[in-house]
Amino acid sequence: MGFFRDWRRRRLLQREPLAADSWQALCGAVPLLACLSPAERERLRELATIFLAEKTLLGVQGQNLEDKHRQLLAALAVLPILALDNDWYEGFHEVIVYPDEFIPRHEVEDEQGLVHVRHMPLSGESWSHGPVILSWADVEASLDMNGYNVVIHEFAHKLDMRNGDANGMPPLHRDMQPADWTAAFRAAFEQLNAELDAGRETLIDPYAAEDPAEFFAVLSEAFFECPGDVQRGYPAVYEQLRAFYRQDPVTRMQVVHGIC
Ligand SMILES: [Zn+2]
């Protein structure tokens, strides 16, 4: 299976890669991607080509998804796996895109066994073994490097869910220590909650304090969008994310933009 999949991907990249000129234009127009080196943009193009061939992107409620929308979404979706590979997004097939925030019809069971129907509008959602669901308005709001990136957030949940329920700890590489990950994230989670309890302003979106899974997803957004904040505020977490994503956005952005 692995051999056939690899062969199919290689053939796809030889025969039908995303067009280089439109890809360069896309990367140049999105500040987050403009930070990437030429080699990284090329790798991103390969990952996005495979992503678009293997996933179904479905616009609903009138959301039109033209090629430029699909490519933008794919580019943001594969940024976290830039130094990994497409296998990290195996196990689901669909990305569903609403025009704006959507209200899911979920029934959730609480600790007492009572079933509630949630009516909270969402900007994105990741189902275990199911689709990623996004609001296009929020995808567009994810382009200006303000720390908010719904695409990275939802795909970070997908990475987290590769080893079971989302719990804030994706499967780590062999050269990483789970105890180091847990210690770094636990201390940072407690630090964030203490800052919120004290009424202090926080470096990252307070939504991260919701639970360890949201903490990982929000920190992943910030790691790519405003990595200097993560490195300053939560240095041990930055090191763990750098080891997991195998990317160093602080260095990347300093080299290209002199920012962070
Ligand atoms: Zn989330």
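The values are calculated or read from the model by the stated rules, or taken from the named source; none is laboratory data. This structure is a prediction, so every number in the text was calculated from the model and none was measured. Here Cβ is always computed from backbone atoms with ideal geometry, including for glycine, and neighbour counts include all displayed protein chains.
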Considering only segment 13-22, state which residues are farther than 15 Å from residue 42 by Cβ and either among the hydroxyl-bearing types (Ser, Thr, Tyr) or in a helix (DSSP H, G or I) (or both). 15
Looking at residue 28, is it surrounded by fewer than 13 Cβ atoms within 10 Å (Cβ to Cβ), in a loop (DSSP other than H, G, I, E, B) and either without any contact (Cβ under 8 Å) to a residue 40 or more places away in the chain or not basic (Lys, Arg) (or both)? no
Could you list, in sequence order, all residues of segment 1-30 that are under 14 Å from residue 87 (Cβ atoms) and either within 23 Å of the chain's Cα centre (by Cα) or aromatic (Phe, Trp, Tyr) (or both)? 3, 4, 9
Would you mention how many residues in segment 34-56 are closer than 26 Å to residue 146 by Cα and either crowded, with 20+ Cβ neighbours inside 10 Å or out of contact with any helix residue (DSSP H, G or I) (no Cβ under 7 Å at 6 or more places or on another chain) (or both)? 14
I'd like to know if segment 227-247 contains one or more residues that are more than 23 Å from residue 158 (Cα to Cα), of a type in the set (A, V, I, L, M, F, W, C) and surrounded by 14 or more Cβ atoms within 10 Å (Cβ to Cβ). no
Among the listed residues 179, 184, 83, which satisfies the condition of being more than 16 Å from the ligand (Cβ to nearest atom), hydrophobic (A, V, I, L, M, F, W, C) and either exposed (fewer than 12 other Cβ atoms within 10 Å of the Cβ) or free of Cβ contacts under 8 Å to residues at least 24 places away in the same chain (or both)? 179
Got a sec? Which of 203, 143, 192 is at pLDDT below 95 and either more than 28 Å from residue 69 (Cβ to Cβ) or of a type in the set (Lys, Arg) (or both)? 203
Identify all residues within segment 4-63 that are more than 26 Å from residue 98 (Cα to Cα) and among the basic types (Lys, Arg); write none if there are none. 5, 8, 9, 10, 11, 15, 41, 43
Within segment 136-157, restricting to residues that are within 13 Å of the ligand (Cβ to nearest atom) and either β-branched (Val, Ile, Thr) or touching a Pro at 6+ places or on another chain (Cβ under 9 Å) (or both), the one that is nearest to residue 93 (Cα to Cα) is 155
Among helices (runs of 4 or more DSSP H) lying entirely in segment 196-246, which contain 2 or more residues that are under 20 Å from residue 125 (Cβ atoms) and either within 13 Å of the ligand (Cβ to nearest atom) or under 15 Å from the mean Cα position of the chain (by Cα) (or both)? 212-225
